[in-house]
Structure formats: C-alpha cells, structure tokens
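Working notes, beginning with the structure itself.
The values are calculated or read from the model by the stated rules, or taken from the named source; none is laboratory data. On a predicted model such as this, the values are computed, not experimentally measured, just so you know. Reconstructed Cβ throughout: ideal geometry from the backbone, glycine too, with neighbour counts over all protein chains shown.
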Amino acid sequence: MKQAFTLIELLVVIAIIAILAAILFPVFAQAKVAAKKTASISNLKQIGLAGVMYVTDNEAYPFMSSPSTQTPRTRWPDYLYPYIKNEDVFLAPNADPVIFGKIWAHNPAKKYGGYGYNFQYLGNSRSVAGNANFPFTATETQVSTPAQTIFVADTNGVRRDNNTVGAGEYTLDPPLTSTRGSGKASGYYGEGTECGSGPRGCRSTPAERHAGRVAVQFADGHATTMKLAAMDDFNGDGTLDNGWWNGNADPTSR
C-alpha cells in the first residue's frame, strides 16, 4: 500500500520551493538587466560604426535633425540608418516606451527613441536669427579626442516634474550650457513647458538604465557604460564640466 505525503512533508517541500524562488528570482532579474545591457552596448557599437562611416563619407558629423519645416522630418538616426539597415537598433533596451516618440522618415509605421545625440557639440541644426553659430556641424578635425567624446548615449529626454517627456527623445545635453549654446534661451534642448523645475530642468539628460549606469557610445566607435556623475565630471574633481562632451577632453572648455 502506497503511503501519501503528510501535511508536514508538503509544507516542508513548499517552504523549500519558496526559499529557492527567493534566491533565484533576484538572480534572474540581474541576468535580465545584464542581457539588456549587452543588447544596448551591441546597438551602440553598430550605431558608432555607422557614425564613423558617416563622418568618413561626409567629413563632418550629422546634424541632429533637418529644419522643422522639412517634410518628412529627418534626424540623426535617419542619416545613420543607411549604414545599418535595422530600425530596431535605434530602440534603447530598458527604456520606458514613452521615449519612443520619433517616426522614421522612410517608414512612418515605426518609431525610435531612447538614444540621444550630443547635438550641442557635434551637430546642432537649429537656426537662430543673427547668430552665425547656427546651424553647426563639427568636422572630423574639430573633434580632437574622439575616444573621449560622447557621440550617443541612453537619454531620458527633457522631463517635466511629473516625469512626462517634454522633448528631446533623441538628444543629449552636456551638464553645463555650452559657449556655442543650444539655440534656446535655456541653454539646453528644452524650453518653457517642456521643462521641469530646477537649474537644469530643460536638459535632455542621460539615463542610468543599466544597474545605475548609462550605456555610452564614443565618437571613435567604442561603447561602454558610465555613471551619470562620471559623464558630467571629466577630471573627477566633484565639479560639473563638459570634458566628456566638448570634443577636446578639456574640463575647462565649454
């Protein structure tokens, strides 16, 4: 005659399963984060290679976008797409889908977002009346330290205080306003109702999506992850600077 499990034995088995689950679930979560980090670095490496080829072909970095009067509007992903031929590469893993707000010029049925371009130093397409600094695109020789110059990275865009996206789903601003400027009175990508409160509330800010780190692509083609605080402090002295952004690895230059 077969003997059934007792209630105590069943409770012990259930307790063991619960303990194992409690141990393994964080491991699975960490593995998922690590997988998305790997996917993001892979995306950025492809974007970086496309950027290097674009600069070689055009002897300059791409504009962040076409003029707002152009239809369909083209932006830096549209300029790099011919070198990659893969729309999904421009969707940032781990990003909130609310950041996927821009439409492809060649395929209006699909959107992209979550990776931002260092537009203030590499290619600002805004026109400002009476200001010869705009529009601007950097030549290859103007970026003297490509291995230390941010090209593209995870972005949160410009966020309002309620965490909605006001603008900048495809751009990045440096921590400090640049001498050249952004083309807006704020000195950053956003202005007015697009912005949150605080001194940098109009900034299109890098996003720490990968265990507190930002996936970053540099102008020479290599990619890595960094803490936002490190991206905003080139020499590590605890003071904000634009050293990783300005193309010459000089923390004193804006």
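Brief remarks on what is shown
- Any hit, segment 32-54, residues being in a helix (DSSP H, G or I), touching a Phe, Trp or Tyr at 6+ places or on another chain (Cβ under 6 Å), crowded, with 16+ Cβ neighbours inside 10 Å and modelled with pLDDT of 75 or more: yes
- Residue satisfying condition, being modelled with pLDDT of 95 or more and within 23 Å of Phe136 (Cβ to Cβ), within set Gly168, Gly238, Gly247: Gly247
- Counting only residues that are crowded, with 16+ Cβ neighbours inside 10 Å and either closer than 19 Å to Thr252 by Cβ or not small (Gly, Ala, Ser) (or both), segment 139-154 holds 9 of them.
- The set of residues from segment 85-105 being of a type in the set (D, E, K, R) and either touching a strand residue (DSSP E or B) at 6+ places or on another chain (Cβ under 9 Å) or closer than 15 Å to Ser40 by Cα (or both) comprises Glu87, Asp88, Asp96, Lys102.
- Taking the numbered list (1) in contact with a Gly (Cβ under 8 Å, 6 or more places away or on another chain); (2) closer than 26 Å to His210 by Cβ in turn, Glu87 passes all entries but (1).
- Qualifying residue in segment 155-175 (condition: among the aromatic types (Phe, Trp, Tyr), surrounded by 18 or more Cβ atoms within 10 Å (Cβ to Cβ) and not in a loop (DSSP other than H, G, I, E, B)): no
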